[in-house]
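Before any comments, here is the structure.
The values are calculated or read from the model by the stated rules, or taken from the named source; none is laboratory data. Here the structure is a predicted model, which is why all the values come from computation and not from measurement. Every residue, glycine among them, receives a Cβ derived from its backbone with ideal geometry; neighbour counts consider all protein chains shown. Calculation scope for accessible area: heavy atoms of the full protein, side chains included, ligands and nucleic acids excluded. Shrake-Rupley method; radii C 1.70, N 1.55, O 1.52, S 1.80 Å.
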Amino acid sequence: MEAAGNDKKHVYSVWGAPPNDVRDRLKKLMDGLRSEFGGPEFQPHVTVVGAITLTEQDALSKFNSACEGLKGYLATVDRVAAGTFFYQCVYLLLHPTSEVVEASSHCSGHFGYKSSTPYMPHLSLLYGDLTDEEKKKAQEKAVQLDDSINSLSLEISSLELWKTDTEDNSLKSWEKISEFNLSPN
């Protein structure tokens, strides 16, 4: 028997969002990479809580309680890096400062999220299944497109709750559910 609509479970993630000026700069860089290497379009974000399956009501309740009392925080880029799977193809590796790690730990605690690997703060630039050679070219291209990207510092001024079906590599089903402006640091 089909569960009632609002009891249906989906995959959710919590994203840290940069302010609009930084978002625009990152989108321009991401567009430049996508035009050469392909891949789906997505909003610039720092994943704070990874994919977790919940009902929408439960996700919203946990999101709102996690955001209460949390302050905005600064994230600083270490370097452009490449990963080993689709959702971490090419990204900005962020310094794991106590503020950055504690924000994820705080929110993950509210969500009951347990990761099998230590938190690696990053901001993805490109999703895709590229060869190692293509990833290396994409990393170089990122620095060509924005030569000061490796020294970027960004304020995480809001958190967003997203419905993120990780089976949907087109990302067309991904949807922002809620946004919470964090109190200034």
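Annotation: amide H-H contacts under 5 Å for Ile156 (H modelled 1.01 Å from N, sequence separation of 5 or more, or interchain): Tyr73, Leu74, Ala75. Express in whole angstrom the spacing between the alpha-carbon centres of region 1-65 and region 118-135. Comparing the Cα centres of region 1-65 and region 118-135, I get a distance of 16 Å. Taken per residue, the accessible surface of the chain reaches 51 Å², heavy atoms only and a 1.4 Å probe. Any chance you could give the angle, 0 to 90 degrees and rounded to 10, that helix 98-111 forms with the longest Cα principal axis of the chain? Once rounded, the angle reads 30 degrees. The C-alpha radius of gyration of region 43-168, expressed as a fraction of 2.2 N^0.38 Å, stands at 1.11.
Here the chain is assigned +1 on the Cβ of each Lys and Arg and -1 on the Cβ of each Asp and Glu. Its dipole about the Cα centre then comes out at about 140 debye. Mean-square fluctuations from a GNM of the chain, with a 10 angstrom spring cutoff on Cα atoms, peak among Gly72, Gly112, Gly39 at Gly112.
May I ask which residue of Ala81, Leu125, Gly112 lies farthest towards the positive end of the charge dipole of region 53-138, with charges of +1 (Lys, Arg) and -1 (Asp, Glu) on Cβ and the Cα centre as origin? The one lying farthest along the dipole's positive direction is Ala81. Under 8 Å for C-alpha pairs, at least 6 residues apart: give me the relative contact order for region 83-185, rounded to a whole percent. Reported as a whole number, the value is 25 percent. When the listed pairs Lys114/Lys137; Lys71/Lys114; Lys9/Lys135 are checked against a 27 Å cut-off, the alpha-carbon distance exceeds it for Lys114/Lys137; Lys9/Lys135. Counting other Cβ atoms within 10 Å of each Cβ, which GluC sites (Glu not before Pro) in region 27-93 have at most 14 and sit in a DSSP loop? Loop-located and lightly packed - Glu41, Glu68. Heavy-atom surface analysis with a 1.4 Å probe gives the chain a carbon and sulfur content of 48 percent of its accessible area.
Within the same chain, lysines fewer than 8 places from Lys28 are excluded, and of the rest, those with a Cα less than 17 Å from its Cα are Lys141. So what's the Cα pair-distance distribution over region 106-157, bin width 5 Å, in %? Going out from 0 Å in 5 Å bins, region 106-157 shows 4, 13, 17, 18, 17, 13, 12, 5, 0 percent. Loop sites by DSSP among the trypsin sites (Lys or Arg not before Pro) of the chain, restricted to those with at most 12 other Cβ atoms within 10 angstrom, leave 9-113 as the longest stretch without any of them.
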